[in-house]
Amino acid sequence: MAIKARNTRNLQFSMVSMSDLVFLLLIFFMLTSTLVAPSAINLLLPSSDSRTMAPQTINVHINENRQIFLEADPVDLEGLQEGLLVSLDGIEEGTVVLRSDHTVPVQDIVNVIDAVESMNSEYGLRHRVILATQPRQ
C-alpha cells in the first residue's frame, strides 16, 4: 500500500509577479527620464565650484562659433530680446539660464545679460540671468 503525502510541493515558478515588477520599473524610469532637460546644443561649459539652483524658465545658448540660440532656435542679438519677450509672455519674474561655451568671449555673455536687463527696465519686469557651469572634476 502506497502512502501518499497530503502536502505536495509545487515546483512551478510564477512569472506574473516578476513581470509586474518589470513594468513598474519601466514606468518609473520613463517618468524620471522625462524630468531631465537635455541640452539640445553640445557645449563645453566652464567649470565652477559654486552651485546655484533656480527654476529654469528659458535657456539661451552660445556655441563656440558665437551663435546665439533661444532654446533650440538660432537668433541674432537684436532678435534675442524680441524672442525672450515672446517666450516669457505673462511671466513677470523668471530665470534665463545662459549656457555658454567656455571659449566664448565675455563680451558675448555681457551682451545677452544686457538684452535681458534692457527688457527688464523697458517693460518693468524682474527676470534674472544665471550662467550655467559644470562641476569641477
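Summary of computed values
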{"read-out": "Ordering of 88-100, 118-130, 2-14 by burial proxy (mean other Cβ atoms within 10 Å per residue, highest first)", "value": "88-100, 118-130, 2-14"}
{"read-out": "Estimated FRET transfer efficiency (GLU122, LEU24; beta-carbon r; R0 35 Å; 0.05)", "value": "0.10"}
{"read-out": "Per-selection Kirkwood Rh - the range 47-135 (Cα, Å, 1 d.p.)", "value": "13.2 Å"}
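We did not get these values from a lab; they are worked out from the coordinates using the rules stated. Quantities reported herein were computed from a predicted structural model and do not represent experimental measurements. Ideal geometry is used to build each Cβ from the backbone, glycine not excepted, and the neighbour counts take in all protein chains shown.
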